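Novice: The structure follows.
The values are calculated or read from the model by the stated rules, or taken from the named source; none is laboratory data. Remember, predicted model here, so these are calculated numbers, not experimental data. All Cβ positions, even for glycine, are placed from backbone atoms using ideal geometry, and neighbour counts span all protein chains on display.
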Amino acid sequence: MTTFTFDKLVIFGVGLIGGSLARALRERGGPEQRAGRIVGVGRTRRSAERALELGVVDDVASLGDDGEIAAALAGADLVVLAAPVAQTEPLLARIAPLLDARTIVTDAGSTKSDVVAAARAALGERAAQFVPGHPIAGRESSGVEAALPDLYVGRNVVLCPLPENRPADVARIDAMWSVTGARVSTMSHEQHDRVFAAVSHLPHLLSFALVERILNAPDAALKFFFAAGGFRDFTRIAASSPEMWRDVCLANRYALVEELDGYTTVLAQLRAAIVAGDGATLEAVFARSREARTQWQECGGRPSGPLAPK
């Protein structure tokens, strides 16, 4: 088992993602793991204190209190930014003067190219202390009350190391996520954003779009009344945080628009087949899609054969 110990971990944003990380490190570690103090930083004192009340963290600080932030960061081994991606640069700029030279900073944002740019802008030569990361896990529920110690078990975490990162620092962040039960991979931040534009950001956009389409219909109430399993499954992720997904769509706009254009092309082809009564084309597309999804599901997200990475 991977060994991971720390003396002091500071988490900015102790909601679902940050709270689940805190709970996993505290509750899932075996005897060889040593968990130190976990400090939660909230945008409001109330949000931070709720994490303390639930036993998710050992101490709290309010983002609006400079003294509390300085005290929280003093002597910290690790800092995790589990806040919306648009807040990355201002957070890094805020904490940069307060970081010890040995402190490793990482994040949990859904986009990486913008985060890398933010780290370089805010930290300058100290960007080597920042190891970009992205845990691919979530629930429809948000907030620290939704945090689970096993949220990351069997889930993927992607690290996008910078050329200047110390290998030991990258290994430390790898170990942190590994002890939560996650599977850790690495890729460049450019590749990360292309991949997740296709398999995460576009699906969320489409889910929101379908609900918006029905909301704007004159018989919206009737449609919602008769919506059943297919609608529930397709729109489940439309219950996600609007603030978070606003930031993700804007941060990864170029890759997302490219995927959206490709999806629109496929929709146009399907539309043409429907108009022409071309059932053979529809069935062929549906059959390929069904086979690919079945293979993906059976392989537990580790596709082989035709779906294996090139």
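Novice: State all residues of the range 127-140 that are modelled with pLDDT of 95 or more and outside any strand (DSSP E or B); if no residue qualifies, say none.
Specialist: Ala127, Ala128, Gln129, Pro132
Novice: Scan the range 74-90 residue by residue and report those that are part of a helix (DSSP H, G or I), surrounded by fewer than 21 Cβ atoms within 10 Å (Cβ to Cβ) and in contact with a strand residue (DSSP E or B) (Cβ under 9 Å, 6 or more places away or on another chain).
Specialist: Gln87
Novice: Name the single residue, out of those in the range 187-201 being in contact with a strand residue (DSSP E or B) (Cβ under 9 Å, 6 or more places away or on another chain) and surrounded by fewer than 20 Cβ atoms within 10 Å (Cβ to Cβ), that is farthest from Glu258 (Cα to Cα).
Specialist: Result: Met187.
Novice: Continuing with the same structure: Among the residues of the range 202-247, which ones are within 20 Å of His134 (Cα to Cα) and either surrounded by 11 or more Cβ atoms within 10 Å (Cβ to Cβ) or assigned by TED's automatic domain parsing to the domain that holds Gly109 (or both)?
Specialist: Once the filter is applied, which keeps residues that are within 20 Å of His134 (Cα to Cα) and either surrounded by 11 or more Cβ atoms within 10 Å (Cβ to Cβ) or assigned by TED's automatic domain parsing to the domain that holds Gly109 (or both), the range 202-247 yields Leu202, Pro203, His204, Leu205, Ile237, Ser240, Ser241, Glu243, Met244, Trp245, Arg246, Asp247.
Novice: Could you check the range 192-261 for helices (runs of 4 or more DSSP H) lying wholly inside it with 2 or more residues that are among the small types (Gly, Ala, Ser)?
Specialist: Qualifying helices (runs of 4 or more DSSP H): 202-215, 220-226, 229-235.
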